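J.: To start, I am sharing the structure in question, which I have written as structure tokens.
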Amino acid sequence: AQSVTQLDSQVPVFEEAPVELRCNYSSSVSVYLFWYVQYPNQGLQLLLKYLSGSTLVESINGFEAEFNKSQTSFHLRKPSVHISDTAEYFCAVRRGSTLGRLYFGRGTQLTVWP
Amino acid sequence: DVKVTQSSRYLVKRTGEKVFLECVQDMDHENMFWYRQDPGLGLRLIYFSYDVKMKEKGDIPEGYSVSREKKERFSLILESASTNQTSMYLCASSADDSNQPQHFGDGTRLSIL
């Protein structure tokens, strides 16, 4: 089975500081990678995805993630966070042969302080 | 936009009751999923379905069953609710293409007393 590791369960940062949320997955031949965000009392929303092509993918609200095949990582970064970025972030992996199943990490709670 | 609708945001039931959680999606997706979310444990897959009347066990199916009689609707059933099933339940759907993400509902926070 696929495993996804989010190395930090909680990341506290001050507003306007940079942040990196780490994600590693177990090796597989063909994977698709996703980051989801969950705001309080809501479901998960897709933040960004890597399918193929450029290893750097960006979201509309300033987050980016880089696919690193040799290190089997897909870390999420933002150069300057806002208080509104406070949320839980989930990394997920999908293999081509798994009937659409996603394998999720345990999540990282990002808290941005003023 | 894809819309995944869960019938209740909050639900309170008693131990031993049979509980139904309903989920409907409007994008003709083949795949549907039920997860439970608990603090520190992330999302754990209970069951999923890749077609009408088809189902597959996820990682924690014990104490649950599912029903998919129509493509747009996927029901989660707690046969005899217990207090350890108090949790947030999330439904999701996705198209069959392997590069497609899952789309989630807003969740049902279920309390078993």
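The values are calculated or read from the model by the stated rules, or taken from the named source; none is laboratory data. Please read all numbers here as calculations on a predicted model, not as lab measurements. Note that we place each Cβ from the backbone using ideal geometry, even for glycine, and neighbour counts take in every protein chain shown. Heavy atoms of the whole protein, side chains included, go into the accessibility calculation; ligands, DNA and RNA do not. Shrake-Rupley method; radii C 1.70, N 1.55, O 1.52, S 1.80 Å.
Let's see how each residue does on (1) without any contact (Cβ under 8 Å) to a residue 40 or more places away in the chain; (2) among the β-branched types (Val, Ile, Thr):
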position: B:6; (1), (2): no, no
position: B:19; (1), (2): no, yes
position: B:25; (1), (2): no, no
position: B:30; (1), (2): no, no
position: B:39; (1), (2): yes, no
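J.: Next up: Where residues in region B:94-111 are more than 9 Å from every other protein chain (Cβ to nearest Cβ) and open to solvent by less than 10 Å² (accessible area, probe 1.4 Å), which of them is nearest to the chain's Cα centre (by Cα)?
T.: This residue is B:108.
J.: Answer with yes or no whether residue B:37 is in a strand (DSSP E or B), touching a Ser or Thr at 6+ places or on another chain (Cβ under 7 Å) and at the interface with another protein chain (Cβ under 9 Å from one of its Cβ atoms).
T.: yes
J.: If you check B:48, B:20, which single one turns out to be of a type outside the set (D, E, K, R), assigned to a strand (DSSP E or B) and away from every other protein chain (no Cβ under 13 Å)?
T.: Unique residue meeting the criteria: B:20.
J.: Further question on the same structure: Looking at region A:71-114, which of its residues are within 12 Å of chain B (Cβ to nearest Cβ), under 17 Å from residue A:10 (Cα atoms), open to solvent by 10 Å² or more (accessible area, probe 1.4 Å) and not acidic (Asp, Glu)? It would help to see each step written out before you state the result.
T.: Of region A:71-114, the ones within 12 Å of chain B (Cβ to nearest Cβ) are A:88-109.
Filter once more, keeping what is under 17 Å from residue A:10 (Cα atoms): A:88-91, A:104-109.
After this cut, where a residue has to be open to solvent by 10 Å² or more (accessible area, probe 1.4 Å) as well, the list is A:88, A:104, A:106, A:109.
Hits for region A:71-114 are A:104, A:106, A:109.
J.: Among the residues of region B:54-63, is any farther than 29 Å from residue A:89 by Cα and touching a residue at least 12 places away in the same chain (Cβ under 8 Å)?
T.: Yes, some residue in region B:54-63 is farther than 29 Å from residue A:89 by Cα and touching a residue at least 12 places away in the same chain (Cβ under 8 Å).
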